[in-house]
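A short worksheet on the structure shown next.
The values are calculated or read from the model by the stated rules, or taken from the named source; none is laboratory data. Please read these numbers as outputs of a predicted model, since none were measured by experiment. Reconstructed Cβ throughout: ideal geometry from the backbone, glycine too, with neighbour counts over all protein chains shown.
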């Protein structure tokens, strides 16, 4: 019983820390902050190749998007800029949750087959 609890706790703690990947800019590496206006930040984001391609797939002309950004108020642009800062860099967490569940299942299945635990009724211990 204690081995099962220990394996459960260890498998959960492996995925307890959430990490967000970010690009390390030259300014961050050399610790020289460079201020970029919110309009420039949003324009740079929209000018990225993947974002422009997404707009094209949706039938939106990237030049029209740039014109709309130029017409936005400072409050609207700062709101969009703050949303850009909080976007996760690797996608959604659903893939991580599914991966963790599969890993936990495999670990428990192996420990069942080896005879260390008895979690699943459909396995037989090798010992």
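Below are the figures for this structure:
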item: Matching residues in the range 31-47 - criterion: being at pLDDT 70 or above and either surrounded by fewer than 11 Cβ atoms within 10 Å (Cβ to Cβ) or outside any loop (DSSP other than H, G, I, E, B) (or both); result: 38, 39, 40, 41, 42, 43, 44, 45, 46, 47
item: Lone unmet requirement of (1) modelled with pLDDT under 80; (2) part of a helix (DSSP H, G or I); (3) over 23 Å from the mean Cα position of the chain (by Cα); (4) surrounded by 11 or more Cβ atoms within 10 Å (Cβ to Cβ) for residue 9; result: (4)
